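Here is the structure we will look at, set down as structure tokens.
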Amino acid sequence: MEEEYQQILKNAEAAIKSVETRADFESFKASVVGPNGELTKAMKGMAKVPKEDKPRVGKALNMVKKDLEALFQKHLKTIEDREMAARIGAPVDPSLPVPGESWGGKHPLTKVREEIIHIFRRVGFSVAEGPEVETEYYCFDALNTPSDHPARDLQDTYYFPPQTRFANISQKEKERYLLRTHTSSVQIRTMLETEPPVRIVSPGRCFRRDTADATHSANFHQIEGLYVDRKVSVRDLKALLDYFIKSLLGPSAKTRFRPHFFPYTEPSFEVDFSASHLGKVGSQWIEIAGCGLVHPSVFESVGYDSKEWSGFAFGMGIERIAMILHGVDDIRYFYQNDQRFLQQFQG
Amino acid sequence: MKISYNWIKDYIELDRSVEEVEQALTLIGFEVDGIEETGLPDLPKVVVGEVLERNPHPNADRLSVCQVLTEPEGEPSTIVCGADNYKVGDRVPVALPGAVLPGGFKIKSAKLRGVMSSGMMCSAKEIGMGDDAAGLWILDQRPPVGQPLNEVFPDRDTVFQVEVTPNRPDCLSHLGMARELAAYFRIPFSYPEVFPFPESNGSVDPESLLRKVGVESEENCPHYTAWRIANVKIGPSPDWLVRRLRSVGLRPINNIVDVTNFVLHELGQPLHAFDAAKIEGQKLIVRQAGDGEKITTLDGKERTLSSRMMVVADARKALIVAGVMGSLDAEVDESTQNVVLESAYFRPGSIRATSKRLGLSTDSSYRFERGVDPDGVAYAAKRAINLIQEVAGGEILPPYLEEGAAFALEKEINLDRIYLDERAGFVIPDEEVERIFDSLECTVSRKQHRDGREYWQIGIPSFRGDLDSPIDLVEEVVRLYGTDRIPSGEVRGIGLVREDDASSRANHDFGCALAGQGFQECMNYTLRSGDELKKWYSSGGADSLAVMNPLSVEQSHLRWSLIPGLLDVLRLNQFRKTGLHRVFETGHTFYERDGAVIEANSVAFIWFHNDHQQCWREAQAPDFYNAKAIIQGLGRKVGLDLGAFPPGEMRLTNSAWQEGHSATIGDLSEEGFEARFGLLNLALLKEYDLGGIAAAGVFSLTPEFLEKARPRPQFKPISLFPAAERDLALVVPSDDIGIQVRETLKSIVVRETRHAFTVEDVYLFDVYQGQGLEEKEKSLAFSLVFRALDRTLQEKEVNDVFTRVQKAVERETSYRIRR
């Protein structure tokens, strides 16, 4: 009997090697330990075993049973491992490129805009936006721009034919529609619907009827800020722009105010910075923004009492700042969208 | 504008370096665009030499060997020279050994083709005096031999190219700039003195020069004067005058014209000198031109005038375009004997309009259109007459003829001390404030309001038309106090209750979502071509998007979609093989609806799969559902579940989308949002040289929609008990869209559940068409998911509901249950 059991185990050990699938495994297992299996049959012989031998033979049978069980378990695991491996394929070469990989990212002008907004948001400004199509009132009249100011020329500003109607852009009266030349129009619209104090930055696309070259684009982006409160001074303006320039260009960057002229601010300044740590910039003064105290007549046109309220406004070109920050020497790169350009500013 | 340093020193004693002056100009508001050194640079060891002998070079045909005397009593030097324009006896500049010429060229004794040469004879260019390099600079005035060249030509000058802002016409002159620098450097400033004219001896009848001045265009010409000068001697101007004019880039003409140009650049008042003999009828009339009237201006061009332009005419014809340019018909030339000098104030608007219409901007029009000193007419004339008498002689025939009058406004502005302090944000001492106004020629008196507050009463000089209100005075004080002295301050950061505009937040979220899925943001121009628009968007409307005055046909219409720009980007990048294939853009787009244009905030993406992409394993091409997944993700960013809207048929008014593989949801004019997505038209892609498949989407929202407040989500409890599921397959017409069948089924399921428990979901898990079904049928299989908040559902209660649902479907719908 004991030999018979051992033989069954030995046979099973030999035969199981050729069992490869789970189905074959199940039938093979049945052929050994199933109701009609070899071992089951052999176990029936136990009845004939003399009583004194029973414990010994029984023990041997149990041993074989246990060994067979282990054999099946082990082989099943081998099959399962093989099945799983087949599902995911051969080991990969981790160094291969990713099929169809795509680098996502934001445009450098978006990144610079978001950085600027972030700096101003830290000191309490929120973002206000407005339409790109504007009217002459919001773009010029309300901003104290004389009616024969050159900026209004057909030469310099895009207008729409008188019959064009815009469903969601309000006119003051029946003035002409145009493409905004600056985002200052957003300041007017915001002040008209908000009571002071006001603290906003308005980024956005602006248009000048300009032929494109390395430093000009008919289509460009500005960000302007407006601060209205009681007793706002030139010193407050300088303090904010100092803070901004240091935040953007590093704590050693310096700011210079040059008196200038804009119709909507008085006094008006152009702002230069110098940042000797920026390699390409060096120690020269470089113009970065325009600013000034809001002209009292601008307040009058939005119904603010200029005796009670004062404020300042500032504006800068996002392309220009991006060019300074990244050392880009031609504005047209921003609108060409060559991946080799765009990718350089990720991360 | 060009400002000569030497010239400015006629009015102020300025002893500052060029750098200091440049910085001062910059800090008081006159940006310096360039600095030009004129005249001779500093050239030690370059002296006057005289050629004593000139012999052929033994070894070179083109060279000569000269003996040149460079010291009056010394030995001549041997100098080899390649020029040919000189002769023995000429005096020329000689660079001696040890001299350094401009550009760092060092002169030393050296052998030239075997002959020792001790120095170099120079051309004008070689020593930095202009561009003439054709030959040696022959010094015709024969200065003494050995004299250093810097002594022969002492007038070195520095010319600043200065930008003057349009509000400061008073600074379009050397005198004006000198006044500003004097105020900044705190140094005295003086006007050029005007002398009384010598009396005429009465030999010439003034009326023979000019009888009458008439101003018809009173509105445009409030003040006109004409001064009669007889017996001038026309000739070249003296050196000092020539130098002054040359320093600001003007060509000398003759002494009379040169004086008028000089005064223009000195005082900022344009003048005009007529040859009296050329004035017919001895009268000058300031009038509007006739429509179509012709004049040949001094630049030799015949110009057609209109009634909106003003001229100064004689009895017969227009002689000058007033304030802009003279004509050939009245010019002072060699034969001129008697002169009429015009000094006038013309209104800025009139001159600006004329200059613009004629496309003609001159030194004169530039000043008139910005506004000359309304009280400066007589002073400028007198100054010019002094100078004419100095350089051309002549006698003045009084009286001068005048129409209108100087109209200097007596303007006073009160500046409160407290207002100045508040706007400046720091305190500038009284004396400093008063000194600044004084140096700007304002009158200053310190006063007190009744309540004791202090203020200054400031009298504004006639040439400062830009000073109108107290804030203008604050600017003057801050400007001349020095912006570099504004003390540093603290950023005032008081929190205000205002959130960023919704469009800004949405674009940020869209950008993050798409960048995170491997899309690269791009930026394209807003203006696009009308042809492209018409091709893409055949239903009219193109005209509404046209700008009135495009610069080119490529940029003539507002963009109606971001997709064309993105396709351009893909084409460029595919062509350049940069590997870019997933792109997006956010920006404003413009939709024409019912004759009106809606400006919307848009985001668009394209996921392009190149058929010929080379890769070791092919990437999977995107399909409609990839586009749908992305657009739904964008919808969620603004609180919209786009999957819950039945997609409308794509308006095939544009050929951008592939029929049967694209859809649209929403409508911009009705709902305030609109999404289009799916595959782009394959034929269109081909036109862009894009061989492959492109899944794309456009999501546009009106600012009004975005600004609508969205309620905060409110918590709904979630069940911890298991769900029960039942599957149900419905045979429906193959045209029916999934979401309609699902909605119908779902409403039945919800109703039949009778609030006993929750219908958690009804989702479509299988679509089948083919064997066992009719041709125009399809089977949609749904899984119904039930759950209760408070218990595990019993088999029976779920089965009851399921049975009722099946009965209801059979009873109420045309759908067949597939078993």
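Excluding same-chain neighbours fewer than eight residues apart, the lysines reachable from A:Lys48 by a Cα-Cα span under 29 Å are A:Lys10, A:Lys29, A:Lys59, A:Lys65, A:Lys66.
Helices in chain B, meaning DSSP H runs of at least 4 residues, each add -39500 (n - 2.57). Divided by all residues, the mean residue ellipticity at 222 nm is -8000 deg cm²/dmol.
Taking the range B:502-707 as the region of interest, the number of lysine pairs whose Cα atoms are within less than 27 Å, with members eight or more places apart or on different chains, is 6. The alpha-carbon of B:Lys778 sits under 19 angstrom from the alpha-carbons of these lysines, leaving out residues fewer than 8 places away in its chain: B:Lys746. Each residue of the range B:212-228 is assigned a 3J(HN,Hα), and the resulting list reads 8, 10, x, 10, 8, 8, 4, 4, 8, 9, x, 8, 9, 10, 9, 10, 9 Hz, derived from the Karplus form 6.51 cos²θ - 1.76 cosθ + 1.60 (θ = phi - 60°), x at Gly and Pro. Of the peptides B:793-806, B:459-472, the ranking by mean beta-carbon count within 10 Å, highest at the top, reads B:459-472, B:793-806.
Centroid-to-centroid, using Cα positions, the range A:166-228 and the range B:389-422 are 40 Å apart. For the range B:41-52, the Karplus equation 6.51 cos²θ - 1.76 cosθ + 1.60, evaluated at θ = phi - 60°, returns couplings of x, 6, 10, x, 6, 10, 10, 7, x, 10, 7, 9 Hz by residue, with Gly and Pro reported as x. Rounded to the nearest 10 degrees, the inclination of helix B:18-27 to the longest alpha-carbon principal axis of chain B is 50 degrees. For the range B:46-152, the square roots of the Cα gyration tensor eigenvalues, ordered a ≥ b ≥ c, give a/c below 1.5, which places it in the rounded category. What whole number of Å gives the distance from the Cα centroid of the range A:111-151 to the Cα centroid of the range B:674-722? A separation of 30 Å, based on Cα centres.
Annotation: amide H of A:His295 within the under-5 Å range of A:Thr265, A:Glu266, sequence separation 5 or more or interchain, hydrogens built in the peptide plane.
All other residues whose Cβ lies under 13 angstrom from that of B:Gln658 are scored, Lys and Arg at +1 and Asp and Glu at -1, for a net of 0.
Can you tell me the order of B:613-619, A:156-162 when each peptide is scored by its average per-residue count of other Cβ atoms within 10 angstrom, highest first?
Ranking, from highest mean packing down: A:156-162, B:613-619.
For B:Lys411, a cut-off of 18 angstrom between C-alpha atoms picks up these aspartates and glutamates, skipping any fewer than 8 places away in its own chain: B:Asp170, B:Asp373, B:Asp375, B:Glu434, B:Asp438, B:Glu441, B:Asp466, B:Asp468, B:Asp472, B:Glu475, B:Glu476. Averaging the sequence gap over all C-alpha pairs within less than 8 Å and six or more residues apart, then dividing by the number of residues, gives chain B a relative contact order of 8 percent.
The range B:344-381 and the range B:433-463 have Cα centres lying 30 Å from one another. Heavy atoms of chains A and B lose about 7700 Å² of accessible surface on contact, summed over both sides with a 1.4 Å probe. Would you please classify the overall shape of the range B:243-305 from the alpha carbon gyration tensor, given that a ≥ b ≥ c denote the square roots of the eigenvalues, rounded means a/c under 1.5, and beyond that prolate means a/b larger than b/c while oblate covers the rest? In terms of gyration-tensor shape, prolate. Going from the isolated chain to the complete set of protein chains, the range B:10-30 loses at least 50 Å² of heavy-atom accessible area (1.4 Å probe) at B:Thr26. Can you bin the range A:220-279 into rounded, prolate or oblate? Criterion: square roots of the alpha carbon gyration tensor eigenvalues sorted a ≥ b ≥ c, rounded for a/c under 1.5, prolate for a/b above b/c, oblate for the rest. It comes out prolate by the Cα gyration axes. Rounded to the nearest 10 degrees, the angle from helix B:470-481 to the longest Cα principal axis of chain B is 70 degrees. Using a cutoff of 8 angstrom between alpha carbon atoms and counting only pairs six or more residues apart, the relative contact order for chain A works out to 14 percent. As a rough guide to protection, the peptides B:349-356, B:294-301 ranked by mean Cβ packing within 10 Å, highest first, stand as B:349-356, B:294-301. In order along the range A:139-153, phi translates into HN-Hα couplings of 8, 10, 4, 5, 9, 6, 8, x, 5, 10, 5, x, 4, 7, 4 Hz, rounded to whole numbers, per the Karplus curve 6.51 cos²θ - 1.76 cosθ + 1.60 with θ = phi - 60° and x for Gly and Pro. For B:Ala729, the residues whose modelled amide H falls within less than 5 Å of its own, excluding neighbours fewer than 5 places apart on the same chain, are B:Phe782, B:Arg818. Overall, the accessible surface of the protein assembly as shown at a probe of 1.4 angstrom is composed of carbon and sulfur to the extent of 49 percent.
In this structure the amide hydrogen of A:Ile288, modeled in the peptide plane, comes within under 5 Å of the amide hydrogens of A:Val271, A:Asp272, A:Phe273, none closer than 5 places in sequence on its chain.
A simple charge model with +1 on the Cβ of Lys and Arg, -1 on the Cβ of Asp and Glu and nothing else charged puts the dipole of the protein assembly as shown at about 4820 debye relative to its Cα centre. Round to the nearest 10 and give me the degree value, 0 to 90, for the angle of helix A:22-33's Cα axis relative to the longest principal axis of chain A. In chain A, helix A:22-33 runs at an angle near 30 degrees to the longest axis.
Accessible area per residue for the range A:2-88 is 70 Å², calculated with a 1.4 Å probe on protein heavy atoms, without ligands, DNA or RNA. Working from Cα pairs under 8 Å separated by at least six residues, relative contact order for the range B:299-402 is 23 percent.
The values are calculated or read from the model by the stated rules, or taken from the named source; none is laboratory data. Values in this document were obtained by computation on a predicted structure and should not be read as measured data. Please note: Cβ atoms are built from the backbone with ideal geometry, for glycine as well, and neighbour counts cover all protein chains shown. Accessible surface areas use protein heavy atoms only, side chains included; no ligands, DNA or RNA. Shrake-Rupley method; radii C 1.70, N 1.55, O 1.52, S 1.80 Å.
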